[in-house]
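A quick write-up on the structure given underneath.
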2 protein chains.
Amino acid sequence: MTSPNVPDPLVSTDDIRTDAPLADARLFVLPEPLALELGGSLPNVRCCYETWGTLNADASNAILVCHAISGDSHAARHRENDAPGWWDGLIGPGLPIDTDRFFVVCPNVLGGCRGSTGPGDIPDGDIPDGDIPTADIPAADNSATNSDSPDVANPARPYGAEFPRITIGDMVEVQRRLADHLGITKWRAVVGGSLGGHQVLQWVSRYPDSTQTCIAIATSPRLTSQALGFDVIARNAIQTDPHFAGGQYYGTDKRPDTGLAIARMLGHITYLSVAAMEAKFDPDRHDPRQIASQFEQRFSVGSYLAHQGQKFTTRFDANSYVTLSLAMDLFDLGGTRLRLMETFDECSCDFLLVGFSSDWLFPPSQSREIVNALTALDKQVTYAEITTDAGHDAFLIDRDIAMYGPLVRERLADSPSSYKAPVELTSAEESILDLVATGDSVLDLGCGQGELLSAIQQRDADKSGRLMGVEVAQENILATAVRGIHVIDYDLNNGLPAFIDNQFDIVVLNATLQAVKNVVELLDEMLRVGKRVVISFPNFAYRRLREDYVNRGRSPRAPGEFDYDWHNTPNRRFPTIADVHDLLSDMNVTIDREIYWDVTDKKSIAVDDEPNLNADTAVIEMHR
Amino acid sequence: MTSPNVPDPLVSTDDIRTDAPLADARLFVLPEPLALELGGSLPNVRCCYETWGTLNADASNAILVCHAISGDSHAARHRENDAPGWWDGLIGPGLPIDTDRFFVVCPNVLGGCRGSTGPGDIPDGDIPDGDIPTADIPAADNSATNSDSPDVANPARPYGAEFPRITIGDMVEVQRRLADHLGITKWRAVVGGSLGGHQVLQWVSRYPDSTQTCIAIATSPRLTSQALGFDVIARNAIQTDPHFAGGQYYGTDKRPDTGLAIARMLGHITYLSVAAMEAKFDPDRHDPRQIASQFEQRFSVGSYLAHQGQKFTTRFDANSYVTLSLAMDLFDLGGTRLRLMETFDECSCDFLLVGFSSDWLFPPSQSREIVNALTALDKQVTYAEITTDAGHDAFLIDRDIAMYGPLVRERLADSPSSYKAPVELTSAEESILDLVATGDSVLDLGCGQGELLSAIQQRDADKSGRLMGVEVAQENILATAVRGIHVIDYDLNNGLPAFIDNQFDIVVLNATLQAVKNVVELLDEMLRVGKRVVISFPNFAYRRLREDYVNRGRSPRAPGEFDYDWHNTPNRRFPTIADVHDLLSDMNVTIDREIYWDVTDKKSIAVDDEPNLNADTAVIEMHR
């Protein structure tokens, strides 16, 4: 009954995970018990991990990849006929995380059930040296006991719900021991999405010099209260399942599969956007797939949830789910910018953050909170908000990886790839370039494709100051970022709250004034953030425009920024040089320098005589 | 630990419901078995209802109020010391649903557990003639049996899960029998929010002449797939609770309270917006209230969910919850505009729809689907989207009732209250008024506060054609609606997809052209929807503007629409009469009449000589 074009509604993004037998995974056992952040310690901690590529001689090419709540160490294929990995679109030979160049490490998290130590383990159990234990073969198989009361001191049965409360910080500590073991003292990059993003943020906040680059995707400084609420309900469903039995269900034939399935159903809704669900389930709304299930399957979405919920119970351990979701809920880098600034104050790495427009579980506004703190700290940070209908799942979807993958590739480039690509500048941009001294820090608002900043970078090379762009058009953000220029996704009409006073030597607004809604507010903000401010704008009082207007009696136009029909111009402001002078005077701004061009008639000749009549372009440097 | 300004996070909107003893409720028993939409019938159907006010002699003042999933018949207080009702802000003496004027009826829905027949009833049980049975005293109290296998033929035990699958249509049928019983042949209005909105939409689609007015708030033609998914999970939680026992838990000491509580927790998250949850729970994020519960209470939001979930089990029956949520999920008036147009084709009532900006359970886009269908059908419809952070709950919150209440009041006015209020028109509006013949249907795009439409209405009174406004500013929508003019909340930059070809005699765009982004697209749409089109706009080539520009060398301004500073004008287009002529010629538009005014210098004198120079305002009538 489904048309061939309608994807099977039973299939989830998650189905790319095939419960690979972890054939390439290795085990590392911590030599010492692990002291836990919330008190106590764990003995015999085992970390299951996979690697790709080869560590180079000075161990400088290692990248740590951190997985999300239901992920594992199998981030990517190891060879063509290998089982699919969950980030195959990002990790591999020639891909953004290029396994021909990098040594990639992906560990299963502490508390998980895919090889690393978790609630299914026996506290004093032997470390297996053969097969890697996973949720499908719970550690309870090794246990003969089935006692009624939880007793963690009993060495012969698994932790169950007695597994200590762990944190994202504890996961990071295990990964740190693994790095020591592998001979890695500093990562080339730490990379992760969702809960994996929490891990990379925890890495750099706790060990500020531990990595050269931090790439955090679809993540947050802490969960929203809404996301917390969903997690609480999921744990309630698991822990009130009668078969949960206080977490000691291992070795019995009853597991809290009902509760775990309900928790997973809830998760699946939060991973999708409302639009994605509509597209996926509405064509077959009343036509569910027939599957065997104790759960309702009345609607298309019902059979999907039942199928995905049940399937999850065959590969995941309920105690692990409780443990990991609680660790995620306890993660809290701070609810204010000040707290976040304290968190990241000492970081020496550069940052790439990516959010997704339709992600309501980790909304892009939460990535912005981190970006705003990093920006105020003068950290090197790029932020892109990818427009997509895929919701939180977007970070795993090839179509969206194709959008943000180039940003990851660029952040991992040895020398930014396009630095040497020639940049053509306008006359105004040439003037601005001249106003920037070598070493000046420059913030370019509405930076377009980063032409001006790239020209400064090429001119000054490693002597250049901090260069940063702000843009709102996604294609421009991507184009700027792949030039190796840091750029953040931001709408200038909201002011510049991310920036602190006098943060930049120069703040530039180049050929953008005429498109700004809140002109005065933005100029005020620029004068606050920049020691000096440079604006360039087209002059609406230019002779040819006046003539055109008076003679033709039409909304005036002339070559350049005002060469649009009245009804479809992107401009919304029509400033003249005299107007801007008046405004700057009203605003108590000191003008330091003015440069005027007649690009139209004189082919870029500077204008000294009556610029409000004779210049089509103005460049004004000022301060307050 | 909570500051006095932080509301107690345990409190919900729902806490206004106090489980009133239904002291004022009455019972009506259907004289015949009720034939059900999905087959079969129900004998002995009981409807519990409350009324306010007095039915007038010709039974023309009766208003039906329909409740949401967890509501009941106690919509409002009956007297000062009465238990609070769930819509006390809307219903009462002098309130928008004025019980001094109207006879208000609110029945408990079929399938509920607050007095009307539901799964807790015994199929052949006697109709009680004393106290009204409710969930707190489940019908099982009357039953001595506790048999193991469900057997609906057993007359001595409740339906439980054997209660037949019912629909919103079945609820309406019971209400219809109640109306007959009360002697009401036509409602003055049917009013409801959420599931209550589904009932009123079902009323008018099934009985197109049954009411004079249909007021549907925070509702939809059918649930989104996301909302369906949440309902499926809620039912799964209830039905897999071991104490559910196939729905035959009545009379036992074990009820599926765990599953029902989890279902309710889920509901509570969907009723709030992410912003509302942040405001409510973030100040005390890690500081839960201490309550006795089997559920996790680790976070502020956790204690809230545990408290609300548990509380719900003391007043609601799990089988009823399953029955009502499934009825809501099966409700489907159509997923396309064509289907919705078929649904509402025969309706003779006028409509008021209200959506809430942060409602993601019944998103405003779903109200718009209904509005677009009604608009295309030429129905009388007003739609307002209220800007609020309160989420779906907004329809119950006094602050939001204060916003939409006046619209309800106006729809229920005998003669619209402000019809006679004098309206001051501009010269252009006077011209447009002259172009409208008595009886012409008029669509006014960007209608402001409805001045022009109100003037037409006052001039032509009951001879006027269909008058409708479109506005995007909430305060203007409210101001237009309380003049008794139908207006829909719509952004003109999205075109006019709600309207069909040649739907109006005249489509007006008055003093709005200069603020439109997509000028050509909008004009094309107007020419499609209107047999004639009238635009008025300020002329940017007006003499005083040209002089000002040439002489001062500044972005020109003159009294009127162009009297703004260049940097903060709301205008984004600067049309001249000559420009508009050129464009209309390019668009193959026939100009039928042109009227030009010089309001600035000549104090509203019509201009014949060189209007592009001498007129500051143009009115052009055209068609294609």
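The values are calculated or read from the model by the stated rules, or taken from the named source; none is laboratory data. Being a predicted model, the structure only gives us computed values, none of them experimental. Cβ atoms come from the backbone with ideal geometry, glycine included; neighbour counts cover every protein chain shown. Just so you know, the surface numbers come from the protein's heavy atoms only, side chains and all, with ligands and any DNA or RNA stripped out. Shrake-Rupley method; radii C 1.70, N 1.55, O 1.52, S 1.80 Å.
Brief remarks on what is shown
- Residue check, residue B:572 within 15 Å of residue A:550 (Cα to Cα), surrounded by 14 or more Cβ atoms within 10 Å (Cβ to Cβ) and within 14 Å of another protein chain (Cβ to nearest Cβ): no
- Residue pairs whose Cβ atoms lie under 6 Å apart, sitting 6 or more positions apart in sequence or on different chains, and linking a residue in segment A:228-239 that is facing another protein chain (nearest Cβ under 7 Å) and buried (at least 24 other Cβ atoms within 10 Å of the Cβ) to a partner that is assigned to a helix (DSSP H, G or I) and small (Gly, Ala, Ser), are A:232/B:302; A:237/A:259; A:237/A:263.
- Residue B:355 fulfils the conditions (1) closer than 30 Å to residue B:489 by Cβ; (2) more than 11 Å from chain A (Cβ to nearest Cβ); (3) in a loop (DSSP other than H, G, I, E, B) except for a single criterion, (3).
- A single member of B:413, B:479 is closer than 29 Å to residue B:60 by Cα, in a loop (DSSP other than H, G, I, E, B) and aliphatic (A, V, I, L, M), and it is B:413.
- Among the residues making up segment A:482-523, those that are part of a loop (DSSP other than H, G, I, E, B) and closer than 12 Å to residue A:535 by Cβ are A:511, A:512, A:516.
- Spans of helices (runs of 4 or more DSSP H) in segment A:563-624 with at least 1 residues touching a residue at least 60 places away in the same chain (Cβ under 8 Å) and over 42 Å from the mean Cα position of the chain (by Cα): A:611-614
- Condition check for residue A:615: of a type in the set (Gly, Ala, Ser) and open to solvent by less than 50 Å² (accessible area, probe 1.4 Å): yes
- Elements of type helices (runs of 4 or more DSSP H) in segment B:241-340, at least 3 residues being open to solvent by less than 20 Å² (accessible area, probe 1.4 Å), hydroxyl-bearing (Ser, Thr, Tyr) and more than 10 Å from chain A (Cβ to nearest Cβ): B:318-330
Residue-by-condition table, conditions (1) open to solvent by 60 Å² or more (accessible area, probe 1.4 Å); (2) closer than 18 Å to residue B:431 by Cα:
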residue: B:520; (1), (2): no, no
residue: B:533; (1), (2): no, yes
residue: B:545; (1), (2): no, no
residue: B:557; (1), (2): yes, no
residue: B:560; (1), (2): no, yes
residue: B:567; (1), (2): no, no
residue: B:588; (1), (2): yes, no
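- Within segment B:348-364, tally of residues that are open to solvent by 10 Å² or more (accessible area, probe 1.4 Å) and over 11 Å from the mean Cα position of the chain (by Cα): 6
- Filter pass, residue A:368 being under 12 Å from the mean Cα position of the chain (by Cα) and open to solvent by 10 Å² or more (accessible area, probe 1.4 Å): yes
- Restricting attention to segment A:359-387, the residues that are within 20 Å of residue A:68 (Cα to Cα) and part of a loop (DSSP other than H, G, I, E, B) add up to 5.
- Any pair with Cβ under 6 angstrom, 6 or more apart, that starts in segment A:169-186 at a residue that is on the phi < 0 side of the Ramachandran plot and ends at one that is open to solvent by 20 Å² or more (accessible area, probe 1.4 Å): A:169/A:37; A:169/A:202; A:170/A:37; A:172/A:202
- Total residues in segment B:85-97, condition assigned to a strand (DSSP E or B) and either polar (S, T, N, Q) or more than 19 Å from the chain's Cα centre (by Cα) (or both): 1
- The residue pairs whose first member lies in segment B:359-373 and is on the phi < 0 side of the Ramachandran plot, whose second member is open to solvent by 20 Å² or more (accessible area, probe 1.4 Å), and whose beta carbons are closer than 6 Å, counting only pairs six or more residues apart or on different chains, are B:364/B:385; B:372/B:337; B:373/B:337; B:373/B:341.
- Residue, nearest to residue A:497 (Cα to Cα), within segment A:510-534, restricted to residues that are within 12 Å of chain B (Cβ to nearest Cβ) and over 31 Å from the mean Cα position of the chain (by Cα): A:520
- Qualifying residue in segment B:201-220 (condition: assigned by TED's automatic domain parsing to the domain that holds residue B:56, touching a His at 6+ places or on another chain (Cβ under 7 Å), closer than 20 Å to residue B:48 by Cα and of a type outside the set (A, V, I, L, M)): no
- When B:501, B:524, B:462 are checked against the criterion of being out of contact with any strand residue (DSSP E or B) (no Cβ under 6 Å at 6 or more places or on another chain) and without any contact (Cβ under 8 Å) to a residue 12 or more places away in the chain, B:462 stands alone in meeting it.
- Test: residue B:220 is open to solvent by 10 Å² or more (accessible area, probe 1.4 Å) and under 18 Å from residue B:379 (Cβ atoms): no
- Residues in segment A:484-504 that are within 14 Å of residue A:383 (Cα to Cα) and buried (at least 21 other Cβ atoms within 10 Å of the Cβ): A:485, A:486, A:487, A:488, A:489, A:490, A:498.
- Just one residue in the set A:405, A:391, A:334, A:355 is modelled with pLDDT under 95 and not aromatic (Phe, Trp, Tyr); that residue is A:334.
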